[in-house]
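The values are calculated or read from the model by the stated rules, or taken from the named source; none is laboratory data. Only a predicted model underlies this, so the values are computations on that prediction, with no experimental measurement involved. Heads up, the Cβs are rebuilt from the backbone with ideal geometry, glycines too, and the neighbour counts pull from every protein chain shown.
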Amino acid sequence: MDEVMTAADATAGTQTTPAYLLPSNLPLLSAFLAFSLAQFLKIFTTWYKERRWDSKRMLDSGGMPSSHSATVTALAVAIGLQEGTGAPAFAIAVVLASIVMYDATGVRLHAGQQAELLNQIVCELPPEHPLSNVRPLRDSLGHTPLQVVAGALLGCVIAFLMRNSN
């Protein structure tokens, strides 16, 4: 008996996966997009708060919204949507997100407050003091709870939008 070969059978063995410019990893793309958008939004939140444009805010830590929170939340939500909330990868992402957000409002926020106080003390030193000319410490390190929540909400929205766009 002669076998009938269809066009689909003929091309099935010769198809190759096309090379994509970006990876098709939804959690990774969601995390990077959330980070980028949060950093971009800092220009506008700085303008709203201080009435000045500062494009350097796109590269700084601290500020509204928290890009760290947006990143880890988008990652966790995207993994949860893709793999399910019972997956080990989701558990790892949730623990990571919790640690990052706790650290942003705890250790990093207080380190920034201490740097601000130390900078003020150094500014009040007499000019002949050896520390009067030291470069100021970075004081925008951590986040307020509101900034962390805003970043987390942004991350959730980005993950849901990325999931629904596929």
Among the residues of the range 75-126, what is the count of those that are acidic (Asp, Glu) and outside any helix (DSSP H, G or I)? 1
Taking the condition modelled with pLDDT under 80, of a type in the set (D, E, K, R) and surrounded by 15 or more Cβ atoms within 10 Å (Cβ to Cβ), does Arg138 pass? no
Which one of the conditions (1) under 20 Å from Phe40 (Cβ atoms); (2) without any contact (Cβ under 8 Å) to a residue 40 or more places away in the chain does Ala70 fail to meet, given that it meets all the rest? (2)
Name every residue in the range 100-142 that is among the hydroxyl-bearing types (Ser, Thr, Tyr) and under 16 Å from Gly63 (Cα atoms), in order of residue number. Tyr102, Thr105, Ser140
Conditions (1) in contact with a helix residue (DSSP H, G or I) (Cβ under 9 Å, 6 or more places away or on another chain); (2) at pLDDT 80 or above -> Pro127 fails only (1)
